[in-house]
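Trainee: For reference, the structure I am asking about is given below.
The values are calculated or read from the model by the stated rules, or taken from the named source; none is laboratory data. This is a predicted model, so every value here is computed, not measured. Every residue, glycine as well, gets a Cβ built from its backbone with ideal geometry; the counts of neighbours run over all protein chains shown.
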Amino acid sequence: MKHSKELIVGLSLAAAMVVFVLGIRFLQDVPLFRSTYVLHTHFESAGGLSGGSPIRINGVDVGAVEHVRLDTDNRVSVRLHLDDNLHIPEGSHAEIGGISALGSNYVIIFPAPQGNPPISDGGYIEGVSAPDAFEAVTERSVRLTENVEEALANANLLLEDTGLLIGETGADIRPTLRALREVTDALAQTLREEQESVRQIIGNVETVSGDLARLSGAGTDTLAQTLHRLDQITVHLESSLQMLEGATHNLDEILTKINNGDGTLARLLNDPTLYIRMGSTLGTLESLLQDLQDNPRKYLRHMDIVDVF
Amino acid sequence: MIRLEHITKQFNNTVVLRDVSLDIPEGETLAVIGRSGSGKSVLIKHAVGLLTPDEGRVVVDGANIHEVSYKELRRIRRKFGVLFQGGALFDSMSAFENVAFPLRTFTGKPDGNIRSRVEACLEMVQLPDIGKKMPSELSGGMQKRVALARAIALEPKYIIYDEPTSGLDPATSNHIDELILSLNERLRVTSIVITHDMHSVLAIADRVAFIHKARIAWSGTVDDIHRSDHKSLLDFVRANEYVIGEQTSASEVSLHP
Amino acid sequence: MTYSLTWFLRPFTILGKYSLLIFHAFVSPDDFRTYRKNTFNQMMRIGVESIPIVALAAAFSGAVTTVQVSYQLVSVFLPATVIGSVVAPSMILELGPVVTGFILAGRVGARIAAELGTMRVTEQIDALEAMGLNSISYLIAPRILAGIIMFPMLYVAACAIGIGGGITVANLGGYLTTQEFVQGAQDFFRPFDPYFGLSKAFVFGFIITSVSCYMGYFTAGGAEGVGKSTTQAAVMSCVFILIADLVLAVTLL
Ligand SMILES: Nc1ncnc2c1ncn2[C@@H]1O[C@H](COP(=O)(O)OP(=O)(O)OP(=O)(O)O)[C@@H](O)[C@H]1O
Ligand SMILES: [Mg+2]
């Protein structure tokens with residue numbers, strides 16, 4: 001009884017220590033008491049992976065990353081804690097999944113056939129560096145923008161040529177008109193396609209914003225970078241569309257010329273398909289423009305939620 | 001040997017002590033008397049270095065206590081037993097623990113020895129059965145006596161008593177006086193006693209210092225007091241003696257200015 | 001002129017006095033046996049006896065945070081697990097240490113200041129000194145030691161109970177299930193966070209005990225002075241906790 005005070009103090013300190021250690025293990029998603037199955041791996045780039053990131057096989061959480069270190073040769077050394085009852089066969093490999101810009105990364109293990117002997121505890125599993133999902137999205141959207149630009153540049157060139165041809169007296173207007181119609185067709189086609197692509201980009205961005213929503217304060221600067229990049233893409237698209245608008249304006253001018261021109265050209269007016277096409281092209285352009293101008297704002301507004309953290 | 005040399009002390013521009021010098025030779029008992037608020041408690045706090053003088057110095061056994069290291073100062077202080085005016089019992093400890101405290105802290109004695117010493121000390125102040133009580137459960141006079149027991153527990157070489165008998169009934173007062181006297185004689189303790197009680201002064205003191213108007217207005221042996229013609233001293237002593245001498249005149253004293 | 005100068009230098013005088021007090025508390029001690037006993041006594045009072053109130057405050061702050069986060073972050077974009085992702089780190093990083101600190105600034109800080117203040121005005125500190133003890137280290141070292149040892153313990157308790165409170169309310173209020181909460185907490189858990197919280201608790205423990213000791217030890221002016229020191233101790237502890245909280249966040253995060 002004489003030591004009871006010391007005993008109580010000692011017990012509470014010991015209890016706190018146990019809770020602290022187990023609490024960290026629990027929140028790291030490492031089994032509290034059982035020992036774990038430890039594997040090492042190397043990646044070219046950690047891509048935002050950090051201690052505590054989950055490990056998944058076919059989408060199921062099977063453990064957590066213990067730590068991520070930089071080796072002397074600048075390769076990334078990663079230590080994995082896996083559930084004890086797991087056996088990863090030789091020949092399996094690990095990849096980094098998730099979106100690094102958002103910090104929600106995880107390790108995916110692609111197991112080799114079960115027939116292979118299991119990798120022993122503390123063993124090595126090959127790490128394959130796959131391109132980051134988000135980077136891929138960005139890359140694709142850049143490629144799409146380039147496509148739009150190219151198509152538009154072509155269209156512009158052709159339209160100029162058309163103007164030139166129409167301006168020449170006595171030239172046969174028929175092939176020119178045919179070409180013009182083809183171009184307009186192509187343009188409309190491209191726009192339809194690209195509108196779909198742009199929608200896709202925006203769709204992707206929206207999924208990403210779903211991920212963003214689950215973000216805590218981590219990777220705020222990478223997030224800022226990403227937003228910046230997305231913004232640039234939007235600006236790009238907008239300027240491309242301005243070019244498109246210019247092109248349509250050209251077309252409009254040509255039409256006015258035709259309108260005021262001689263009788264041969266007046267026949268053009270009888271071709272209603274051209275009008276309809278042009279009208280619809282303009283409409284599409286306008287709505288696409290509207291869509292693009294509105295949508296980025298919309299998704300950016302949703303991203304404000306992230307500020308809460 | 002305690003020497004106070006030319007001590008001057010002021011608080012907030014009021015001079016409480018001005019050029020006060022006192023010598024207390026080994027084995028002697030000095031009584032310090034003076035009106036309330038004259039600076040007696042302040043004086044004895046200088047003797048153990050609880051207050052630092054504005055001017056002057058305090059020398060205990062040849063060492064200037066304001067110049068030695070803090071460690072050395074504490075070593076010197078351990079030669080002292082101090083009874084504070086308010087008792088200053090540790091209110092988180094029982095009476096027994098209060099008395100045992102210096103013994104436990106400064107002697108490596110086993111618990112049994114400490115227990116018997118504490119009991120003996122409490123016996124000396126006529127409080128044998130209050131060991132378990134907390135200071136708040138004791139009367140003012142009892143607290144004072146427990147504090148006295150604590151001050152003498154280590155049988156110090158120097159004992160400072162700040163009004164040891166104030167607030168006590170005459171019989172207990174007499175007993176405390178006898179205790180102080182016996183300590184002085186038996187252990188040859190050097191002591192400073194602050195008191196308003198001339199009866200005590202006459203009973204225990206070898207010499208007397210009278211503090212008046214921030215100075216030692218008079219000092220001398222007990223016998224010298226009556227031969228003195230110092231007016232303030234005589235006023236002080238006579239006011240006291242009526243009470244001691246003739247119980248009946250106590251009320252008359254307060255009537256006459 | 002001289003008045004305004006003294007007024008300007010006052011904070012530095014106080015800082016110096018405070019630093020010296022703490023310095024003296026840990027140099028030239030007397031006897032380790034007495035300190036050991038005192039330290040355990042203080043650990044009981046500061047630490048163990050504070051567990052109930054800290055637990056209560058932590059449970060409620062965890063619960064309230066959960067409810068408010070659910071209310072604020074209701075959105076189609078956000079999965080329910082986000083609540084766990086917010087509540088657990090808030091508890092570990094900020095609420096755990098600060099709530100514990102505030103509660104104990106009142107409970108422990110005021111108590112220390114009142115105790116030492118009373119000892120000062122009733123000459124008990126003088127009595128210790130007159131006996132030849134180093135009153136500063138005798139009184140202050142055990143309290144500061146107990147503070148810096150027991151606060152981290154209370155912090156751990158506060159976090160565990162706070163998160164527990166959050167989970168309980170999440171279930172009872174139908175905001176999200178235990179699994180979702182835990183999933184959310186685990187998804188964005190950074191192992192550094194608890195260590196950061198622990199450092200905060202350590203610093204707050206030191207602040208509360210040392211500031212209160214300073215206030216108590218230099219009390220003057222009788223019962224009124226004790227009252228003043230007690231209030232000052234609680235208030236100044238809170239103020240310095242807030243300052244330290246910011247400084248730690250800026251320097252360590
Ligand atoms: N710490 C202090 N701060 C300011 N003034 C003080 C302090 N201590 C004492 N004094 C003043 O010094 C004077 C002497 O006080 P002291 O306590 O020595 O009186 P005393 O002679 O012991 O009186 P009593 O017989 O009533 O105990 C008083 O006027 C008091 O106001
Ligand atoms: Mg006095």
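So that you can scan it fast, the table gives a plain yes or no per residue for (1) acidic (Asp, Glu); (2) at pLDDT 75 or above; (3) on the phi > 0 side of the Ramachandran plot:
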{"residue": "B:Ala203", "(1), (2), (3)": "no, yes, no"}
{"residue": "B:Ala209", "(1), (2), (3)": "no, yes, no"}
{"residue": "B:Ala214", "(1), (2), (3)": "no, yes, yes"}
{"residue": "B:Ala217", "(1), (2), (3)": "no, yes, no"}
{"residue": "B:Ile225", "(1), (2), (3)": "no, yes, no"}
{"residue": "B:Ser251", "(1), (2), (3)": "no, no, no"}
{"residue": "B:Leu255", "(1), (2), (3)": "no, no, no"}
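Trainee: Filter the range B:31-51 down to the residues that are assigned to a loop (DSSP other than H, G, I, E, B) and more than 6 Å from ligand 1 (Cβ to nearest atom), then identify the one that is surrounded by the most Cβ atoms within 10 Å (Cβ to Cβ).
Mentor: Only one residue fits best here, namely B:Val48.
Trainee: Determine if the range C:179-192 includes at least one residue that is buried (at least 23 other Cβ atoms within 10 Å of the Cβ), modelled with pLDDT of 90 or more and not polar (S, T, N, Q).
Mentor: no
Trainee: Somewhere in the range C:144-165, is a residue of a type outside the set (Gly, Ala, Ser) and out of contact with any Gly (no Cβ under 9 Å at 6 or more places or on another chain)?
Mentor: Yes: the range C:144-165 contains one or more residues that are of a type outside the set (Gly, Ala, Ser) and out of contact with any Gly (no Cβ under 9 Å at 6 or more places or on another chain).
Trainee: Okay, moving on. Within the range C:198-253, can you find the residues that are hydroxyl-bearing (Ser, Thr, Tyr) and either under 18 Å from C:Leu154 (Cα atoms) or within 16 Å of ligand 2 (Cβ to nearest atom) (or both)?
Mentor: C:Ser199, C:Thr209, C:Ser210, C:Ser237
Trainee: When you go through (1) under 21 Å from A:Val9 (Cβ atoms); (2) surrounded by fewer than 19 Cβ atoms within 10 Å (Cβ to Cβ); (3) charged (D, E, K, R) one by one for C:Lys228, which number turns out not to apply?
Mentor: The number of the failed condition is (1).
Trainee: For the list (1) assigned to a helix (DSSP H, G or I); (2) of a type outside the set (Asp, Glu); (3) within 14 Å of chain B (Cβ to nearest Cβ), I need the number of the one condition that C:Val182 fails.
Mentor: (3)
Trainee: Condition check: of a type outside the set (S, T, N, Q), surrounded by fewer than 21 Cβ atoms within 10 Å (Cβ to Cβ) and within 13 Å of chain A (Cβ to nearest Cβ). Does C:Ile83 satisfy that?
Mentor: In short, no.
Trainee: Turning to a different aspect of this structure: Could you list, in sequence order, all residues of the range B:144-168 that are within 14 Å of chain C (Cβ to nearest Cβ) and more than 16 Å from ligand 2 (Cβ to nearest atom)? If you could, list the steps in order and put the result at the bottom.
Mentor: To start, the set of residues in the range B:144-168 that are within 14 Å of chain C (Cβ to nearest Cβ) comprises B:144, B:146-163.
B:Val146, B:Ala149, B:Arg150, B:Ile152, B:Ala153, B:Leu154, B:Glu155, B:Pro156, B:Lys157, B:Tyr158, B:Ile159, listed by residue number.
Trainee: Of all the residues that make up the range B:169-218, how many are in contact with a His (Cβ under 9 Å, 6 or more places away or on another chain) and within 16 Å of ligand 2 (Cβ to nearest atom)?
Mentor: Number satisfying all stated conditions: 2.
Trainee: If you scan the range B:1-21, which residues turn out to be crowded, with 21+ Cβ neighbours inside 10 Å, farther than 25 Å from B:Lys71 by Cα and more than 10 Å from ligand 1 (Cβ to nearest atom)?
Mentor: B:Val20
Trainee: Being closer than 30 Å to B:Ser219 by Cβ, more than 16 Å from ligand 1 (Cβ to nearest atom) and modelled with pLDDT of 90 or more narrows it down to one residue among B:Val189, B:Val99, B:Val193, B:Val146; which is it? Lay out the reasoning, then the answer.
Mentor: On the way: B:Val99 fails: closer than 30 Å to B:Ser219 by Cβ; B:Val193 fails: more than 16 Å from ligand 1 (Cβ to nearest atom); B:Val146 fails: closer than 30 Å to B:Ser219 by Cβ.
One residue alone meets the criteria, B:Val189.
Trainee: Still on this structure, please answer the following. Being in contact with a Phe, Trp or Tyr (Cβ under 9 Å, 6 or more places away or on another chain) and more than 9 Å from every other protein chain (Cβ to nearest Cβ) is the filter here, so list the residues in the range B:47-96 that pass it.
Mentor: B:Ala47, B:Val60, B:Leu83, B:Met93
Trainee: Just for the range B:17-30: of the residues that are in a loop (DSSP other than H, G, I, E, B) and among the charged types (D, E, K, R), which one is farthest from ligand 2 (Cβ to nearest atom)?
Mentor: Result: B:Glu26.
Trainee: While we're on this one: What do you reckon, is B:Leu179 more than 16 Å from ligand 1 (Cβ to nearest atom), over 16 Å from B:Ile24 (Cα atoms) and under 14 Å from the mean Cα position of the chain (by Cα)?
Mentor: yes
Trainee: While we're looking at this one, here's another question. Quick one: which of A:Val78, A:Val19 is surrounded by fewer than 18 Cβ atoms within 10 Å (Cβ to Cβ) and either among the β-branched types (Val, Ile, Thr) or within 14 Å of chain C (Cβ to nearest Cβ) (or both)?
Mentor: Step by step, each of A:Val78, A:Val19 is checked, and only A:Val19 is surrounded by fewer than 18 Cβ atoms within 10 Å (Cβ to Cβ) and either among the β-branched types (Val, Ile, Thr) or within 14 Å of chain C (Cβ to nearest Cβ) (or both).
Trainee: Tell me, please, whether a residue that is more than 14 Å from chain C (Cβ to nearest Cβ), surrounded by 14 or more Cβ atoms within 10 Å (Cβ to Cβ), away from ligand 1 (no atom under 16 Å from the Cβ) and closer than 25 Å to B:Leu103 by Cα can be found in the range B:228-238. Walk me through how you get there before you give the answer.
Mentor: Of all residues in the range B:228-238, those more than 14 Å from chain C (Cβ to nearest Cβ) come to B:228-238.
Imposing the further condition that a residue be surrounded by 14 or more Cβ atoms within 10 Å (Cβ to Cβ) reduces the set to B:228, B:230, B:232-234, B:236-237.
Imposing the further condition that a residue be away from ligand 1 (no atom under 16 Å from the Cβ) reduces the set to B:228, B:230, B:234.
From what's left, closer than 25 Å to B:Leu103 by Cα: none.
Within the range B:228-238, not a single residue is more than 14 Å from chain C (Cβ to nearest Cβ), surrounded by 14 or more Cβ atoms within 10 Å (Cβ to Cβ), away from ligand 1 (no atom under 16 Å from the Cβ) and closer than 25 Å to B:Leu103 by Cα.
Trainee: Then there's this: Quick check on my filter: what residues within the range B:152-172 are at pLDDT below 90 and small (Gly, Ala, Ser)?
Mentor: B:Ser166, B:Gly167, B:Ala171
Trainee: Go through B:Gly37, B:Gly86, B:Gly56, B:Gly62 for me and flag whichever is free of Cβ contacts under 8 Å to residues at least 12 places away in the same chain and more than 15 Å from the chain's Cα centre (by Cα).
Mentor: B:Gly37
Trainee: Within the range C:157-174, is even one residue in contact with a Pro (Cβ under 9 Å, 6 or more places away or on another chain), of a type outside the set (Lys, Arg) and under 20 Å from C:Gly109 (Cα atoms)?
Mentor: Yes, the range C:157-174 has at least one match.
Trainee: Report yes if some residue within the range B:104-115 is within 14 Å of chain C (Cβ to nearest Cβ) and within 24 Å of B:Ile194 (Cα to Cα); otherwise report no.
Mentor: No: the range B:104-115 contains no residue that is within 14 Å of chain C (Cβ to nearest Cβ) and within 24 Å of B:Ile194 (Cα to Cα).
Trainee: Do we have C:Gly216 as within 12 Å of chain A (Cβ to nearest Cβ) and touching an Asp or Glu at 6+ places or on another chain (Cβ under 9 Å) here?
Mentor: Here the answer is no, as C:Gly216 does not meet what is asked.
Trainee: Which residues, taken from the range C:47-80, are of a type in the set (Val, Ile, Thr), over 14 Å from C:Gly162 (Cα atoms) and buried (at least 17 other Cβ atoms within 10 Å of the Cβ)? Show your work before the answer.
Mentor: We begin by selecting, within the range C:47-80, every residue of a type in the set (Val, Ile, Thr); these are C:48, C:51, C:53-54, C:64-67, C:69, C:74, C:76.
Narrowing further to those that are over 14 Å from C:Gly162 (Cα atoms): C:48, C:69, C:74, C:76.
Matches in the range C:47-80: C:Val48, C:Val69.
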